[in-house]
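Presented below is the structure to which this report refers.
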């Protein structure tokens, strides 16, 4: 049922919990694959280059951030690959487009609270993704 999972990650605690849940689902099937999807939105890409001095250094910093995530999947014995998108669009639009163009059984994504008053409200990226992705979506808190 969940042989091919797409997991949107951004390094946050919510996305780490989403990945842990995806690993659980993948292990239920025994031979499932997980694609880790990290989106660098246009404005983030520009600020990273300004902060780190050049795009190569910014890319290396991203790879270092992704390495423990990839190692977590590998240590669980689940096959995975990582896709990094540099979206001129926002993160939500890039996730939606990638998910809808692929052949995944489900998308797993983390939610996030927006502040003390809005802790129960779905974050804008998660909300857009839930609305427009054409497959089952598991949102993990």
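The values are calculated or read from the model by the stated rules, or taken from the named source; none is laboratory data. Bear in mind the structure is a predicted one, so any value in this text is a computation, not a measurement. Every residue, glycine as well, gets a Cβ built from its backbone with ideal geometry; the counts of neighbours run over all protein chains shown.
Side notes on the structure shown:
So that you can scan it fast, the table gives a plain yes or no per residue for (1) under 20 Å from residue 103 (Cβ atoms); (2) surrounded by fewer than 19 Cβ atoms within 10 Å (Cβ to Cβ); (3) at pLDDT below 95; (4) touching a strand residue (DSSP E or B) at 6+ places or on another chain (Cβ under 9 Å):
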position: 16; (1), (2), (3), (4): no, yes, yes, yes
position: 27; (1), (2), (3), (4): no, yes, yes, no
position: 39; (1), (2), (3), (4): yes, no, yes, yes
position: 48; (1), (2), (3), (4): no, yes, yes, yes
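- Taken together, 74, 93 contain a single residue that is out of contact with any strand residue (DSSP E or B) (no Cβ under 6 Å at 6 or more places or on another chain) and without any contact (Cβ under 8 Å) to a residue 24 or more places away in the chain, which is 74.
- Remark: pairs (first residue in segment 1-20, more than 15 Å from residue 107 (Cβ to Cβ); second residue at pLDDT below 95 and assigned to a loop (DSSP other than H, G, I, E, B); Cβ separation under 7 Å; 6+ apart in sequence or on different chains) = 12/112.
- Filtered residue count, segment 114-127, keeping only those that are touching a helix residue (DSSP H, G or I) at 6+ places or on another chain (Cβ under 9 Å) and either at pLDDT 90 or above or in a loop (DSSP other than H, G, I, E, B) (or both): 4
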